[in-house]
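The values are calculated or read from the model by the stated rules, or taken from the named source; none is laboratory data. Because the structure is a prediction, the values reported are computed rather than measured. As a convention, Cβ positions derive from the backbone with ideal geometry for all residues, glycine included, and neighbour counts pool all protein chains shown. Only protein heavy atoms, including side chains, enter the accessible area calculation; ligands, DNA and RNA are left aside. Shrake-Rupley method; radii C 1.70, N 1.55, O 1.52, S 1.80 Å.
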2 protein chains.
Amino acid sequence: MQKILNNPRRVVEEMLQGYLKCHPDLVTRTDNPKVFVRKTERTETGKVGIVSGGGMGHFPAFIGYVKPAMLDAVALGEIFKAPPAEIFLDAFREADKGRGVVCVHGNYELDNASVTEAMCMARQEGLLVRHVVANDDIASFQGKCRSKARGLAGEVLLWKIAGAAAELRMDADTIVEVCERAMARTRSIGVGLSACIIPEVGEPNFNVIEGTMEFGIGHHGDPGLQTYKIRKANEIADLMMEALLKDFDMCGGREVVVMVSGLGGSTQMELYILFNRISDILRNKNIRVFRSYVGNYFTSLDMNGATVTLLQPDEEIKKLLMYKEAFCL
Amino acid sequence: MQKILNNPRRVVEEMLQGYLKCHPDLVTRTDNPKVFVRKTERTETGKVGIVSGGGMGHFPAFIGYVKPAMLDAVALGEIFKAPPAEIFLDAFREADKGRGVVCVHGNYELDNASVTEAMCMARQEGLLVRHVVANDDIASFQGKCRSKARGLAGEVLLWKIAGAAAELRMDADTIVEVCERAMARTRSIGVGLSACIIPEVGEPNFNVIEGTMEFGIGHHGDPGLQTYKIRKANEIADLMMEALLKDFDMCGGREVVVMVSGLGGSTQMELYILFNRISDILRNKNIRVFRSYVGNYFTSLDMNGATVTLLQPDEEIKKLLMYKEAFCL
């Protein structure tokens, strides 16, 4: 394993220490060593706190999105492991400035359990917490039902929307409503060209056989829809877009936001090559691209591959996505 | 090779097409297909044009820095290949708005030859072009002489400085002077933990033996100073910082700007782990970090490893580095 590492068991702590030292202007650690909050200016009173969290290994998720008009606090677990309820509870407490908290997190069983328990504990303290789950991964849709669907990079767009809505002083109910509306209009799909190595273990937690690719892979190497022989970039884009656009009711006026997120191991060059075809496919279908993002937005350690996310924005979502956008994505 | 690629001979063109489609608000292609210019606002008259260029494979260098208060135009070559003089000349012509052009490029023989020839051709057209070379790689310093030293990520800081200086309407001579002063105060060193694969060739152009690392490696896998057995992150940081700080006259008041740039294959987690130690080393030596950057700022395709750059800023350099900084780095 040719990696820049010390003790593999301490990667999370050392990475977080390095991040804090690099961004003392953005983020502070709290009394709970797994809870990080945004450095706020004095003017930022009376806004709903936006929280997220989950296992590490997805940088820049989650800590990299603790910034103005994005997340106010994050609850972090070990690599690919959901944080326990107590960590989410502390993040809620930190983020609350008197107008309650909205937690936007991925739809994973253990994250859900922790968030739900933490919300219950918060309520006992008189703290109002609402939550929204990202369940954009169509590889895990069951029929038309998204209740079991995993979250992929669509979550990043929700943070942007929720963060802007909170800065604009929307209340918690309104933020939940707009995030749920955005998520209902969001679909993602992933493709994995290699497994990723969990430093503590020193080897992959799953396998992608050389010469093949996993279509519909999740953010932790969760099983996909199908194993294909490896294909060219354009064919990968074709497969992904066919799956994403199938039965996708274009209620949003034939306009989309596109996010191509690398999984950590693929170069930016590859991501732009993938996006090049995606852009052509959309143009040929007369679907306008409102805004596109190509980069490592939600990774899976060093996995080769990418996720593609489509969001059909309405006017309010567009406004929120573009709010202070130079400072965020 | 598990990569998201089509025809390996067309990666440069497809990547550039994808980039243009993703960032139509930032960059435009010119009549010369290897020259890209920044979309400018009408208010931006009377400024010196800032140009760079070189071979592809170093994303976000070069095209990713064509943005406000950074580069105005870039001249691009094939992967790791210097663009010919005609391409630089066209970039100079595009960037000129009547106050001349400053070209800030890496100190590589073929890039130098192209830039020098293009400057000569520009002069014949009455176009004033001055240039500054980045020669920050201490692995290629010869004694105290930097004339043969290669450029590493220090170049990115020069673009930031030159771009800000141009926006502040400094003239070409002043921009060259401040960039040369900044470069004299800049040192970098690279370490490679794996080779990188040139898509056209399908295999590495050099080799890093498993279990070893190349200390002092260049941006194209150029030979380093020494092959070491692979070491832990902290020991790698120690080696790099020892080399960087040796004989480094701390004329800048014991204050530095730090840039840790991934070479493409290393994860952001590893880069923060490396920075964590670097930050501690500097603190122990009572050297204050003015600003730190950790990310993929100047890559070498998918090489595993990182470069570390130290710049001792004076007050003017600090001001220029922080100019519109939320929009740039």
Can you tell me which condition residue A:67 does not meet? The list is (1) over 19 Å from residue A:324 (Cα atoms); (2) within 13 Å of chain B (Cβ to nearest Cβ); (3) within 21 Å of the chain's Cα centre (by Cα), and all the others hold. (1)
Matching residues, the range A:305-315, being of a type outside the set (Val, Ile, Thr) and touching a strand residue (DSSP E or B) at 6+ places or on another chain (Cβ under 7 Å): A:305, A:306, A:310, A:311, A:312, A:313
Conditions: (1) modelled with pLDDT of 95 or more; (2) over 15 Å from the mean Cα position of the chain (by Cα). Residue B:61 meets all but one. Number of the miss? (2)
Expected single match for out of contact with any Leu (no Cβ under 9 Å at 6 or more places or on another chain) and at pLDDT 95 or above among B:171, B:247 is B:171
Looking at A:210, A:200 in this structure, which one is open to solvent by 20 Å² or more (accessible area, probe 1.4 Å), charged (D, E, K, R), in contact with a Pro (Cβ under 7 Å, 6 or more places away or on another chain) and in a loop (DSSP other than H, G, I, E, B)? A:200
Out of (1) more than 20 Å from residue B:152 (Cα to Cα); (2) open to solvent by less than 10 Å² (accessible area, probe 1.4 Å); (3) hydrophobic (A, V, I, L, M, F, W, C), the one residue B:269 does not meet is (2)
For the range B:279-320, give me each residue that is more than 8 Å from chain A (Cβ to nearest Cβ), under 22 Å from residue B:224 (Cβ atoms) and in contact with a Cys (Cβ under 8 Å, 6 or more places away or on another chain). B:300, B:303
Quick check on my filter: what residues within the range B:70-128 are part of a strand (DSSP E or B), in contact (Cβ under 8 Å) with a residue 60 or more places away in the chain and not acidic (Asp, Glu)? B:76, B:79, B:101, B:102, B:104, B:106
Out of A:124, A:142, which single residue is open to solvent by 40 Å² or more (accessible area, probe 1.4 Å) and under 30 Å from residue A:241 (Cβ atoms)? A:142
Within the group A:209, A:197, A:230, which residue is in contact with an Asp or Glu (Cβ under 8 Å, 6 or more places away or on another chain) and within 14 Å of chain B (Cβ to nearest Cβ)? A:197
Within the range B:48-88, residues open to solvent by 10 Å² or more (accessible area, probe 1.4 Å) and out of contact with any Phe, Trp or Tyr (no Cβ under 9 Å at 6 or more places or on another chain) come out as B:72, B:78, B:79, B:80, B:81, B:84, B:86, B:87
How about the range B:254-282: which of its residues are closer than 24 Å to residue B:58 by Cα and charged (D, E, K, R)? B:270
Identify, by number, the condition in (1) away from every other protein chain (no Cβ under 14 Å); (2) open to solvent by 40 Å² or more (accessible area, probe 1.4 Å); (3) farther than 28 Å from residue A:117 by Cα that residue A:44 doesn't meet. (2)
Unique residue being modelled with pLDDT of 95 or more and over 22 Å from the mean Cα position of the chain (by Cα) when the list is B:316, B:235: B:235
How many residues are more than 7 Å from every other protein chain (Cβ to nearest Cβ) and crowded, with 20+ Cβ neighbours inside 10 Å if we restrict to the range A:1-14? 1
With respect to residue B:296, determine if the residue is open to solvent by 30 Å² or more (accessible area, probe 1.4 Å) and touching a Phe, Trp or Tyr at 6+ places or on another chain (Cβ under 9 Å). yes
With respect to residue B:275, is the statement that it is surrounded by 20 or more Cβ atoms within 10 Å (Cβ to Cβ), at pLDDT 95 or above, assigned to a loop (DSSP other than H, G, I, E, B) and within 14 Å of chain A (Cβ to nearest Cβ) true? no
Which members of the range B:235-264 meet the condition of being within 12 Å of chain A (Cβ to nearest Cβ), farther than 22 Å from residue B:159 by Cα and open to solvent by less than 10 Å² (accessible area, probe 1.4 Å)? B:236, B:237, B:240
Could you list all residues from the range A:183-197 that are open to solvent by 20 Å² or more (accessible area, probe 1.4 Å), in contact (Cβ under 8 Å) with a residue 60 or more places away in the chain and farther than 12 Å from residue A:305 by Cα? A:185, A:187, A:197
Of all residues being free of Cβ contacts under 8 Å to residues at least 40 places away in the same chain and of a type in the set (Lys, Arg) in the range A:15-41, which is least open to solvent (accessible area, probe 1.4 Å)? Just the residue, please. A:38
Positions within the range B:213-234 being in a loop (DSSP other than H, G, I, E, B), among the β-branched types (Val, Ile, Thr) and open to solvent by 10 Å² or more (accessible area, probe 1.4 Å), in sequence order: B:230
Given (1) farther than 24 Å from residue A:173 by Cα; (2) touching a residue at least 60 places away in the same chain (Cβ under 8 Å), index of the condition residue A:64 fails: (2)
